[in-house]
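The values are calculated or read from the model by the stated rules, or taken from the named source; none is laboratory data. Fair warning: this is a prediction, and the values are worked out from it, not measured in the lab. All Cβ positions, glycine included, derive from the backbone under ideal geometry; neighbour counts span all protein chains shown. Accessible surface areas use protein heavy atoms only, side chains included; no ligands, DNA or RNA. Shrake-Rupley method; radii C 1.70, N 1.55, O 1.52, S 1.80 Å.
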Amino acid sequence: MAPRVHSRGVARQVPLSLPIAVPYDVALRHLRTVKPNQFTSAHYREIDAPITTVWSILRCFDSPGEYKPFIQFCHLASGNVEVGSIRHLVVHRNLPGKDSIERLDILDNNAYVTGFSIIGGDNNLKNYRSVTTLHTAANSEETVVVESYVIDVPLVDHRRPAGSS
């Protein structure tokens, strides 16, 4: 797992940091501007399948439950799985929050890149933006999936309420 970055002070550019080498063009897709009170992270998974097979599943903005088991239900609220499409997700009960409304921001079938933003719903995921890329692993036919995201960190009041000890 990549180091997590929490930005305090001024906004800064945060490059992709993973324990594996990734192509330069992939790393550029994950370059993030992290503002104060934001958090960013990235993770990867190697999948023993051709990139076209993995892409045929990951590119389906209207059916993320195929690869995200915490999703109970999804329907496309607007669009036709193109940039700007909106989906509504309902998550399983054991997770915080109930649902999420998300907008497809990136869908590049040639470069194997997709990304979305959470724009509403009953959850604490404010200003969440994610990018997922695929590339073929060096010296193998495995597909490497890299996902990175940025999210606001909720402000927490650390002061004790009056009368507490």
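Please state which one of SER85, SER78 is among the small types (Gly, Ala, Ser), in contact with a strand residue (DSSP E or B) (Cβ under 9 Å, 6 or more places away or on another chain) and surrounded by 14 or more Cβ atoms within 10 Å (Cβ to Cβ).
SER85
Annotation: ASN110 fulfils all but one of (1) open to solvent by 20 Å² or more (accessible area, probe 1.4 Å); (2) touching a Cys at 6+ places or on another chain (Cβ under 9 Å); (3) of a type outside the set (A, V, I, L, M, F, W, C); the unmet one is (2).
Considering the range 136-165, and only residues there that are of a type in the set (Gly, Ala, Ser) and at pLDDT 85 or above, the residue that is farthest from TYR24 (Cα to Cα) turns out to be SER148.
Of everything in the range 88-122, what is assigned to a loop (DSSP other than H, G, I, E, B) and either without any contact (Cβ under 8 Å) to a residue 40 or more places away in the chain or out of contact with any strand residue (DSSP E or B) (no Cβ under 9 Å at 6 or more places or on another chain) (or both)? Give them in sequence order.
Our first condition is that a residue be assigned to a loop (DSSP other than H, G, I, E, B); within the range 88-122, this holds for 92-98, 109-112, 121-122.
Passing the criteria: HIS92, ARG93, ASN94, LEU95, PRO96, GLY97, LYS98, ASN109, ASN110, GLY121, ASP122.
Quick check: is even one residue across the range 25-41 assigned to a helix (DSSP H, G or I), open to solvent by 30 Å² or more (accessible area, probe 1.4 Å) and basic (Lys, Arg)? Taking every residue of the range 25-41 in turn, at least one turns out to be assigned to a helix (DSSP H, G or I), open to solvent by 30 Å² or more (accessible area, probe 1.4 Å) and basic (Lys, Arg).
Can you tell me which residues in the range 91-105 are aliphatic (A, V, I, L, M) and surrounded by 17 or more Cβ atoms within 10 Å (Cβ to Cβ)? Let's see the steps before the verdict.
First pass over the range 91-105, keeping only residues aliphatic (A, V, I, L, M): 91, 95, 101, 104.
Across the range 91-105, the qualifying residues are VAL91, LEU104.
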